[in-house]
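Input: a single structure, listed below in structure tokens.
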Amino acid sequence: MEELKHSGLGIASFIVSIAAGVCIFFTFVIAGAIEATTPGGMNEESATAIIIGLLLVIFLFATLVSLGLGIGGLVQKERKKIFAILGTIFSATITLCTVALIALGMAME
């Protein structure tokens, strides 16, 4: 019997979900540091705030792409599915946590 290969979509999903999750984490850390060190907090209309928001949207979009890749990897036949499963779980968790943090931040204003 021939050994099954890993799903290429699953591997891509896993890598993109990890990279996007790390980038989202560092974006939140940078935003928090700027907020904490700026007297009166960060101006929401400043270029820095706009860039941070744009980066967050881009990385969140990357997690949604990763979720799609993971689902695609799950439906491939005759492929190992471990990376597709991990990529799907990681990207779904990162997406839900990011949306929850954004909602919490908006509620605190």
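Just so it is clear, none of the values below were taken in a lab; they were calculated from the coordinates. Only a predicted model underlies this, so the values are computations on that prediction, with no experimental measurement involved. All Cβ positions, even for glycine, are placed from backbone atoms using ideal geometry, and neighbour counts span all protein chains on display.
Figures for the structure shown
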quantity: Sum of side-chain charges, residue 52 neighbourhood, beta-carbon under 15 Å (Lys, Arg +1; Asp, Glu -1); calculated: -3
quantity: Length added when fully stretched, residue 22-residue 5, from 0.36 nm per residue minus Cα-Cα; calculated: 3.4 nm
quantity: Segment 45-70 versus segment 71-88: alpha-carbon centroid distance in Å; calculated: 24
quantity: Residue-averaged [θ]222 nm for the chain, counting only DSSP H segments that reach four residues, each worth -39500 (n - 2.57); calculated: -28500 deg cm²/dmol
quantity: Contour excess over end-to-end distance, with Cα ends at residue 55 and residue 109 and 0.36 nm allotted per residue; calculated: 17.3 nm
quantity: Sites residue 37 and residue 89, calculated FRET efficiency, Cβ-Cβ separation with R0 30 Å, nearest 0.05; calculated: 0.30
quantity: Cα-centre dipole for the chain with unit charges at Cβ (Lys and Arg positive, Asp and Glu negative), debye to 20; calculated: 540
